[in-house]
1. Within a Cβ distance under 12 Å of GLN93, other residues only, what is the Lys/Arg minus Asp/Glu net charge?
2. I'd like the carbon and sulfur percentage of the solvent accessible area for the range 7-89, probe radius 1.4 Å, heavy atoms only, ligands and nucleic acids excluded.
3. Give the Kirkwood hydrodynamic radius (Å, one decimal) of the chain, defined as one over the mean of 1/r across all pairs of different Cα atoms.
4. Taking the chain as a Gaussian network, where each spring joins two C-alpha atoms under 10 Å apart, which residue of SER78, SER18, SER60 fluctuates the most?
5. Using a simple spin-label model with points 7 Å from Cα along the Cα→Cβ vector, what separation in nm is obtained for ASP62 and ARG88?
6. Determine the sum of side-chain charges near SER13: Lys and Arg each +1, Asp and Glu each -1, restricted to other residues whose C-beta is under 14 angstrom from that of SER13.
7. Could you please put GLU61, GLU10, GLU69 in sequence from largest to smallest accessible area, using a 1.4 Å probe?
8. Give me the percent relative contact order of the chain, please, defined on Cα pairs under 8 angstrom at least 6 residues apart.
Amino acid sequence: PHPPGLVFLENPSNVTSSLGKAVRLRCRARGAGEPPEMGWRRDGRPLELADSDQAQVPLSEDVWLGTSELSIPAVQLSDAGRYQCWVRAGGEQL
């Protein structure tokens with residue numbers, strides 16, 4: 001279960017890149033209530049110091065749109081893995 005009305009509108013699926021190339025992953029979610037906290041994980045571990053841009057935009061009095069973009073300026077072998085965007089809203093995390 002997740003907060004009522006929380007919907008992922010965009011979440012990266014399969015992204016392939018070459019070594020040294022830049023990659024930008026984008027995640028978007030919409031929900032009701034307080035604006036969300038958003039972040040990224042790689043292989044299940046939080047990316048605490050990730051280079052990400054985030055924005056929360058109110059769509060109405062109690063509905064928001066959250067966007068998070070993760071940048072990897074030059075892909076290295078150590079960047080390989082499964083990346084996931086997470087959203088924390090209403091006390092729950094998805």
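1. 0
2. Carbon-and-sulfur percentage of accessible area, whole number: 48.
3. Value: 13.9 Å, from the Cα pair sum.
4. Looking only at SER78, SER18, SER60, the biggest GNM fluctuation is shown by SER78.
5. 2.3
6. With Lys, Arg at +1 and Asp, Glu at -1, the net is +2.
7. Order by accessible area, largest first: GLU61, GLU10, GLU69.
8. Over the chain, the number comes to 36 percent.
The values are calculated or read from the model by the stated rules, or taken from the named source; none is laboratory data. Keep in mind it's a predicted model, so treat the numbers as computed, not measured. FYI the Cβ positions are ideal-geometry reconstructions off the backbone, even for glycines, and counts take in every protein chain you see. With ligands, DNA and RNA removed, areas are computed over all heavy atoms of the protein, side chains included. Shrake-Rupley method; radii C 1.70, N 1.55, O 1.52, S 1.80 Å.
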